[in-house]
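The values are calculated or read from the model by the stated rules, or taken from the named source; none is laboratory data. What you are looking at is a predicted structure, and each value in this text was computed from that prediction instead of being measured. Neighbour counts run over all protein chains shown; Cβ positions are idealised from the backbone, glycine included. Areas reflect the complete protein model, heavy atoms only, side chains present, ligands, DNA and RNA absent. Shrake-Rupley method; radii C 1.70, N 1.55, O 1.52, S 1.80 Å.
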Amino acid sequence: MNGAESRTSPVGIDQERSRRDFLKTAAWATAAISAAGIGGFGVATRFANADHEPVPETVGPLTINYDTYLGLGDAAILSFALQLERLEGTFYANGVDAGIFSGPALAQITAIRDAEMAHVDFLTAGLQGAGAPVPPAPNLTYPPGVFQDPAAFLNLAATFEPVGIGAYGGAAAALESKEFLASALSIHNAECQHRVGINILQGVQPPNDLLFEPTLPLQAVVDAVAPFGVTPG
Amino acid sequence: MEKQTINVPGVEGFAQPRTRRDFFKTLAVAGAAGVAGAGLFTSKKASAQIGGTQEGDAGILNFALTLENLEADFYTRAVSSGVLSGAALGVVTKLRDTEIAHVEFLTAALQGAGATPAPSPTFTFPPDSLASQSGVLQLASVLEPTGVGAYLGAGPMIQNPVFLEAAGTIAGVEGDHVVAIRNLLGFVPPTTTPFPEALTKDQVLAAIAPFLGMGSMPATGGPGAE
């Protein structure tokens with residue numbers, strides 16, 4: 001894993017992997033279903049793809065969503081992620097520039113802005129490195145008043161972060177490149193940390209308020225960001 | 001056509017521990033600086049204390065289960081210790097409940113896959129870590145990034161996408177915890193890093209070895225000693 005040998009082209013690096021995984025999923029799901037009656041660990045399945053492989057819809061308290069991103073391909077997933085980061089990064093940049101925050105709140109919003117911009121840069125470089133097109137910046141629109149009212153801004157931030165978390169959390173397991181997977185998990189984690197940072201600014205007690213960070217199916221993400229001018233690449 | 005390369009923070013941290021210096025700094029905070037000298041020797045000993053199914057995804061989940069048991073045990077003791085109050089008590093109580101939920105989830109997932117969950121080792125914690133609110137938060141500030149790093153490092157090795165997605169949702173929560181603890185420790189802003197760090201298995205084992213009762217083990221090792 002050391003050095004340049006592992007830095008192969010990120011897209012399509014291991015075409016066989018998803019097929020192999022899929023077979024293993026099927027095997028695991030079968031085992032899980034057979035065990036579901038024992039100890040009440042519920043597993044529901046759906047047939048959500050052309051090959052009719054069963055994918056667990058829920059596993060215990062979790063809803064499983066990676067299968068809704070299968071078939072997009074790494075470049076499309078990264079491209080959509082880039083648009084989400086642009087949505088967030090521009091939002092926080094406007095929040096910093098608006099002059100409505102000061103002190104610790106301003107420091108936090110600034111740090112989140114910088115992180116989202118770092119994600120934008122990273123994903124842009126990733127797409128370029130893979131020889132994939134970088135989508136043009138979307139025509140972003142935000143609800144009136146969010147950059148005049150700190151509470152409204154934080155409420156929207158508290159809406160954006162779970163969408164980003166749900167998107168990365170759902171899409172990660174659909175990525176074929178392990179390098180992109182590692183990065184997606186790291187960025188996902190950063191988004192989770194942003195969510196709690198916003199919780200703190202909103203006075204949520206305790207700010208670590210979730211047992212699991214839910215994932216979202218692709219369509220839910222698409223629907224959530226469409227009003228702001230973001231469409232999947 | 002020449003292959004393009006990109007900087008992938010997650011993989012870089014996983015394959016080549018570029019955070020070694022920072023990592024040993026956090027070990028020092030835990031009062032476990034001696035472990036750094038023991039290196040692989042300690043890691044192997046610590047690894048041997050993780051039971052249950054060891055192969056493949058189940059092995060990774062059992063490794064995670066052991067970390068969750070460690071955290072759940074520490075926060076359970078912390079809440080019972082009586083040294084916490086106010087916002088810190090609220091946060092740590094939720095930490096306890098959350099880590100217990102992760103233990104239950106991983107246990108059920110392993111059983112569902114026909115694997116044997118690793119029994120929880122007997123953990124020991126430095127007395128200082130449970131003697132004051134500050135002690136609890138200091139140790140928590142070591143445990144949580146270790147948990148994040150372990151999930152981020154192991155995630156790309158998980159073959160089953162269902163397990164992978166589940167691991168991601170748990171890793172994210174450990175990230176939540178990092179921020180909640182940093183906030184209690186007075187870091188402004190509490191949320192900073194754009195790319196939370198992955199850790200190698202040896203790094204994680206070295207971090208948890210002191211709590212497996214090996215913190216005071218004499219450093220008989222050294223290069224080549226097994």
For this session: Once you have the Cα-Cα distance between A:Ala98 and A:Thr231, take 0.36 nm times their residue separation minus that, and quote the gain in nm to one decimal.
Result: 45.3 nm
Exercise. To the nearest 0.05, what FRET efficiency results for A:Leu140 and B:Asp202 with a Förster distance of 60 Å applied to their C-beta separation?
Worked result: 0.85
For this session: List, largest first, the extents of the alpha carbons of the stretch B:38-212 along their principal axes, each in whole Å.
Result: 42, 32, 31
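Find how much the distance from A:Asn155 to A:Gln128 grows on full extension, using 0.36 nm per residue of separation minus their present alpha carbon separation; answer in nm with one decimal. Mind showing how you got there, number by number?
Values: separation 27, 0.36 × 27 = 9.72 nm, distance 3.40 nm.
The A:Asn155-A:Gln128 span can extend by a further 6.3 nm.
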Exercise. Which shape class, rounded, prolate or oblate, goes with the stretch B:117-205 when its Cα gyration tensor gives a ≥ b ≥ c as root eigenvalues, a/c under 1.5 marks rounded, and past that a/b bigger than b/c marks prolate?
Worked result: oblate
Exercise. If you take the accessible area of B alone, add that of A alone, and subtract the area of the pair, what total do you get in Å², probe 1.4 Å, to the nearest 100?
Worked result: 5400
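Express the carbon and sulfur contribution to the solvent-accessible surface of the stretch B:38-212 as a percent, rounded to the nearest whole number, probe 1.4 angstrom. Working shown, then result.
Details: 3100 of 5370 Å².
The nonpolar share, carbon plus sulfur, comes to 58 percent.
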For this session: Enter the accessible area per residue of the stretch B:58-137 (Å², integer; probe 1.4 Å; all protein chains in place).
Result: 35
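Give the value in nm², to one decimal: projected area of the alpha carbon convex hull of the stretch A:158-200, averaged over all directions. If you can, show how the numbers build up before the last one.
Details: hull surface 10.0 nm².
With every direction weighted equally, the projected area is 2.5 nm².
Calculate the mean, over all residues of peptide B:88-95, of how many other protein chain Cβ atoms lie within 10 angstrom of the residue's Cβ. It would help to have the intermediate numbers written out before the result.
Numbers: counts 1, 1, 4, 4, 2, 1, 7, 2.
If you average over the peptide's residues, the count of other-chain Cβ atoms is 3.
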